[in-house]
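S.K.: What follows is a structure written as structure tokens; I'll ask about it next.
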Amino acid sequence: TFDNQFLRLILLSIFVIGFMSDTNYIFSPLKRFFLQIFIVLIFIYINQVFIDSLRIQILDDLLENTYLKYFITLFCFLVLMNGSNFIDGVNTLLIGYFLILSAVCFISIETFNLPFEKQNFKIIIIILSIIYIFNFFGKLLSGDSGAYLISFIIGFFLIELANSSDRVSPYFVACLLWYPAYECLFSIIRKKIIKKSATDPDNKHLHQLIFMYFKQKFKLKGNFLNTFTGISINLFNLIIFYGAFQNMSQTKNLILLNIICLLTYNITYFYLSKKLK
């Protein structure tokens, strides 16, 4: 897949959008968002990459509409990319998240003999493992460019993986991507409730609340506190990924697992919000 020249051009374009954000060349989140829409839409149109089924008949009937199919696929990419950027606030969180996710996908392909090129995830695992070591000690940060790029690649591969076999429920993919996706949606809803612009930055994301809680509770400091926060969140996600792996084709179980994730997020968020007042 990485030999595809068109894909390389798309990946370069996405990286450039993130890089221009990192260097404040494009400071406006709205401008970045519209550039993302433009690039991702071109990719979807040329490659005809779509979410084919949601395993619920009424939803699959809706996916028969071409425009709606484009919208849902585009929406998922944008939520994932921007949510991944949101969670990239403490060491090891973003890189560790996608490293574990990629390892689960690689093992799943190997274990269940899925018709997907496992080499794709092997390459990602090697690259992320190297970055993780530097990120662990705070020597290398992903930035917007890294967050956009890795989340787009993972999103594309997971759509292809889900479409490759009936054994892979789309809710398996949802379990793997729940955290950055929900972080994005929750952040938008939260800001709308308090009448702030959805594009305004803030320090009220879940990982930031956990960071502050650990700082107050355990008196942790510096790099260790930063890295400890990321590892703690990913330990929970590791458990979720294991449950998803064990129920890869069991849609009902996976939907329940997704609900557990959302409830855990909400309960933790509101508990910490009150605790830190």
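S.K.: Suppose R0 equals 35 Å; then what is the FRET efficiency for residue 140 and residue 57 from their Cβ-Cβ distance, rounded to the nearest 0.05? List each step's numbers first, then the result.
M.R.: On the way: r = 46 Å, r/R0 = 1.33.
It comes to 0.15.
S.K.: Further question on the same structure: State the extension gain, in nm to one decimal, for the chain segment bounded by residue 221 and residue 123, taking 0.36 nm per residue of separation less the distance between their alpha-carbons. Write down the numbers at each step before the final one.
M.R.: Numbers: separation 98, 0.36 × 98 = 35.28 nm, distance 3.42 nm.
Once the chain is fully extended between residue 221 and residue 123, it gains 31.9 nm.
S.K.: Oh, and also: Assign one of three labels to the chain, namely rounded, prolate or oblate, based on the Cα gyration tensor with a ≥ b ≥ c the square roots of its eigenvalues; rounded applies when a/c is under 1.5, prolate when it is not and a/b is larger than b/c, and oblate otherwise.
M.R.: Rounded.
S.K.: To continue, here is another question. From the square roots a ≥ b ≥ c of the eigenvalues of the alpha-carbon gyration tensor of segment 170-259, which class results: rounded (a/c under 1.5), prolate (a/b over b/c), or oblate?
M.R.: On the way: a/c = 3.18, a/b = 1.31, b/c = 2.43.
Verdict is oblate for segment 170-259.
S.K.: Dipole magnitude of the chain about its Cα centre, charges +1 at Lys/Arg Cβ and -1 at Asp/Glu Cβ only, in debye to the nearest 20? Mind showing how you got there, number by number?
M.R.: Details: 23 positive and 15 negative charges, 295 e Å.
With Lys and Arg at +1 and Asp and Glu at -1, about 1420 debye.
S.K.: Further question on the same structure: Carbon-plus-sulfur fraction of the accessible area of the chain, 1.4 Å probe, in percent? Before the final figure, lay out the partial values.
M.R.: Values: 9670 of 14450 Å².
Of the solvent-accessible surface of the chain, carbon and sulfur hold 67 percent.
S.K.: Another question, if that's okay. Per DSSP helix of 4 or more residues, -39500 (n - 2.57); summed, then divided by the residues of the chain. What does that give at 222 nm, rounded to the nearest 500? Don't jump to the answer; show the numbers that get you there.
M.R.: Details: 11 runs with 212 residues, N = 277.
Helix-only estimate at 222 nm: -26000 deg cm²/dmol.
S.K.: Treating cross-link reach as a plain straight distance, find the lysines whose alpha-carbon is under 17 Å from the alpha-carbon of residue 277, omitting any fewer than eight places away in the same chain.
M.R.: Qualifying lysines at Cα under 17 Å: 204, 215, 217.
S.K.: What FRET efficiency comes out for residue 213 versus residue 252 if R0 is 30 angstrom and r is the Cβ-Cβ distance? Round to the nearest 0.05.
M.R.: Working: r = 34 Å, r/R0 = 1.13.
Efficiency computed from Cβ-Cβ geometry: 0.30.
S.K.: What whole-number volume per residue, in cubic angstrom, does the convex hull of the C-alpha atoms of segment 23-140 give?
M.R.: Details: hull volume 17.6 nm³, N = 118.
It comes to 149 Å³ per residue, whole-number rounded.
S.K.: Using protein chains only and a probe of 1.4 angstrom, how many square angstrom of residue 212 are accessible, to the nearest 10?
M.R.: Using a 1.4 Å probe on the heavy atoms, I get roughly 70 Å².
S.K.: On to the next question. Say R0 is 25 Å: what FRET efficiency, to the nearest 0.05, do residue 236 and residue 277 get from their beta-carbon distance?
M.R.: Numbers: r = 24 Å, r/R0 = 0.95.
The formula returns an efficiency of 0.60 here.
S.K.: Might you tell me the accessible area per residue for segment 54-156, computed with a 1.4 Å probe and given in Å²? Before the final figure, lay out each step's value.
M.R.: Values: 4670 Å² over 103 residues.
Per residue, segment 54-156 has 45 Å² of solvent-accessible surface.
S.K.: Could you check which residue among 93, 35, 254 shows the biggest mean-square fluctuation in a GNM of the chain with a 10 Å Cα cutoff?
M.R.: Sorting by GNM fluctuation, first place goes to 35.
S.K.: As a test question: what accessible area, to the nearest 10 Å², does residue 22 have when a 1.4 Å probe is rolled over all protein chains in place?
M.R.: Estimated to the nearest 10 Å², residue 22 gives 70 Å².
S.K.: With the cut-off at 1.5 for a/c, could you classify segment 206-277 from its C-alpha gyration tensor as rounded, prolate or oblate? Working shown, then result.
M.R.: On the way: a/c = 4.86, a/b = 1.88, b/c = 2.59.
It is oblate, given that a/c is not under 1.5 and a/b is not larger than b/c.
The values are calculated or read from the model by the stated rules, or taken from the named source; none is laboratory data. Given the structure is predicted, the values throughout are model-derived calculations rather than measurements. Here Cβ is always computed from backbone atoms with ideal geometry, including for glycine, and neighbour counts include all displayed protein chains. For the accessible areas, the whole protein counts, side chains as well, though only heavy atoms, and no ligand, DNA or RNA atoms are used. Shrake-Rupley method; radii C 1.70, N 1.55, O 1.52, S 1.80 Å.
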